[in-house]
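Student: Here it is, the structure, as structure tokens.
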Amino acid sequence: MSDARSGTSTSAPTVLRMILGRRLQDMRLTAGASLEDAAKALRVKTLTIRRLEKAEVALKPLYVEKLLETYGAQRREIEEFVDLAEQANKPGWWHSYRDAVPSWFTAYVSLETGAKTLRTYEPQYVSGLLQTPAYARAVLRGGLPNGSDEEITRRVELRLRRQSLLEREDAPTLWVVMEEAVLHREVGGPEVMREQIDRLLDASELPHVSVDIVPFTAGAHVGACAPFTYFRFEEPELPDIVYSELLSAAVYLDQRPDVVAHLEAHSRMALLTSSRDSRKLLERMRKEYA
């Protein structure tokens, strides 16, 4: 998934498919089989094996079964793996919104849905997971001036559907760091901003959500850059991943140096404020929009 940009994939893999792809690779290496050995067993090109292991294509049950036999797996293990592969090939819930978002963003929703920990940095707008419907609509309308009302509505629906993960019993930990500029950027008018700030205040009281606001007084700092999201997963097969969005594309990073750099930047920015000071700032800004 390293440096995957817009247009490199037309369908986002589920996190389960990514996990199984990694397991296939591990089993091949444990068996001492090369890519060429695996390709020969399936009578395909080595590129096909690479794509299976990177979750870039669906895990065909017949392919999976033949590979595991080649790697010396036991029958029961093969049957369980094939069952999981069939589950992994089922489209995620976000698949029904593929008409409303670019293909490169569906991968983000997949990662978001399966992550155990999310850390985000937002220099311009409130994090999508904490936006109110009115704020989300105003942000989307501003970013898509030529978009139809139907398209905007569909994107708002997707954004609100994504927020349901914070209500799950196994909800991930969400740590949002935002610039104070986000609160001064009047999106949708004073009433919309008051409602949005109320939402942030409520969210900050949840045990698994942290909202930190970097004040203007912090001056220049390491995170003064594009917005990004850091994902960590419970499954050991998956590496930490960082997503950074550009104007019309996105970059997904899983190389250790890149991930560590973003993680350290997020931690350093969080040290520039405190939950108590952030809450006071939110309360003060809410009064300004009264």
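Student: Do you know the Lys pair count in the chain for C-alpha distances under 20 Å, with sequence separation 8 or more or different chains?
Tutor: For the chain, the number of qualifying lysine pairs is 9.
Student: In percent, how large is the relative contact order of the chain, given Cα pairs closer than 8 Å and 6 or more residues apart? Working shown, then result.
Tutor: Working: 426 pairs, mean separation 64.8, N = 290.
Over the chain, the number comes to 22 percent.
Student: Something else now. Starting from the Cα gyration tensor of the stretch 156-241, take the square roots of the eigenvalues, sort them a ≥ b ≥ c, and report rounded, prolate or oblate (rounded when a/c is under 1.5, otherwise prolate if a/b is larger than b/c, else oblate).
Tutor: Working: a/c = 2.00, a/b = 1.26, b/c = 1.59.
In terms of gyration-tensor shape, oblate.
Student: Let me ask something else. Quote the relative contact order of the stretch 115-193 in percent (integer), defining contacts as alpha-carbon pairs under 8 Å separated by 6+ residues. Don't skip to the answer; put the middle values down first.
Tutor: Working: 80 pairs, mean separation 42.3, N = 79.
About 54 percent, as a whole number.
Student: Calculate how many DSSP beta bridges within the chain are antiparallel, expressed in % of all such bridges and rounded to the nearest 5. Provide the component values of the computation, followed by the final result.
Tutor: Details: 14 of 26 bridges.
Percentage antiparallel, nearest 5: 55.
Student: Which value, in Å², gives the accessible area per residue of the stretch 118-171 when a 1.4 Å probe is used on the protein heavy atoms? Don't skip to the end; give the middle numbers.
Tutor: Numbers: 2600 Å² over 54 residues.
For the stretch 118-171, the solvent-accessible area averages 48 Å² per residue.
Student: Mind putting a number on the dipole of the stretch 189-290 about its Cα centre? Charges go on the C-beta only, +1 for Lys and Arg and -1 for Asp and Glu, and I need it in Debye to the nearest 20. Display every interim value, and only then the final one.
Tutor: On the way: 11 positive and 17 negative charges, 117 e Å.
With only Lys, Arg, Asp and Glu charged at Cβ, the dipole is about 560 debye.
Student: In Å², and per residue, what accessible area does the stretch 31-78 have when probed at 1.4 Å with the other protein chains present?
Tutor: Numbers: 3030 Å² over 48 residues.
Value for the stretch 31-78: 63 Å² per residue.
Student: Got a number for carbon plus sulfur as a percent of the chain's accessible area, 1.4 Å probe? Write down the numbers at each step before the final one.
Tutor: Working: 7370 of 14970 Å².
Looking at the chain in its full context, I get 49 percent from C and S.
Student: If I compute Rg/Rh (Cα atoms, Kirkwood Rh) from the structure I just sent, which labelled value in (i) 0.97; (ii) 0.92; (iii) 1.03 lines up?
Tutor: Matching entry in (i) 0.97; (ii) 0.92; (iii) 1.03: (iii).
Student: Once you keep just the Cα pairs under 8 angstrom separated by 6 or more residues, what percentage relative contact order results for the stretch 95-238?
Tutor: Numbers: 178 pairs, mean separation 55.8, N = 144.
Computed over the stretch 95-238, the figure is 39 percent.
Student: Here's another thing I want to ask about it. Rounded, prolate or oblate for the stretch 43-138? Axes are the square roots of the Cα gyration tensor eigenvalues, ordered a ≥ b ≥ c, and the cut-off for rounded is a/c under 1.5. Display every interim value, and only then the final one.
Tutor: Details: a/c = 2.86, a/b = 2.60, b/c = 1.10.
Judged from the Cα gyration tensor, the stretch 43-138 comes out prolate (a/c at least 1.5, a/b above b/c).
Student: Further question on the same structure: For every helix of n ≥ 4 consecutive DSSP H residues, a contribution of -39,500 (n - 2.57) applies; sum these over the chain, divide by its total residues, and give [θ] at 222 nm rounded to the nearest 500 deg cm²/dmol.
Tutor: On the way: 12 runs with 140 residues, N = 290.
So the helix-based figure for the chain works out to -15000 deg cm²/dmol.
Student: Scanning the chain for trypsin sites (Lys or Arg not before Pro) in DSSP loops with at most 10 other Cβ atoms within 10 Å, what's the longest stretch left with none? Show your work: numbers first, answer last.
Tutor: Numbers: sites that count: 43, 168.
Longest run free of exposed loop sites: 44-167.
The values are calculated or read from the model by the stated rules, or taken from the named source; none is laboratory data. Predicted, not measured: the structure shown is a model, and the values here were computed from it. When we count neighbours, we look across all protein chains shown, and the Cβ atoms used for this are built from the backbone with ideal geometry, even at glycine. Quick note on the areas: whole protein, heavy atoms, side chains included, nothing else; ligands and nucleic acids left out. Shrake-Rupley method; radii C 1.70, N 1.55, O 1.52, S 1.80 Å.
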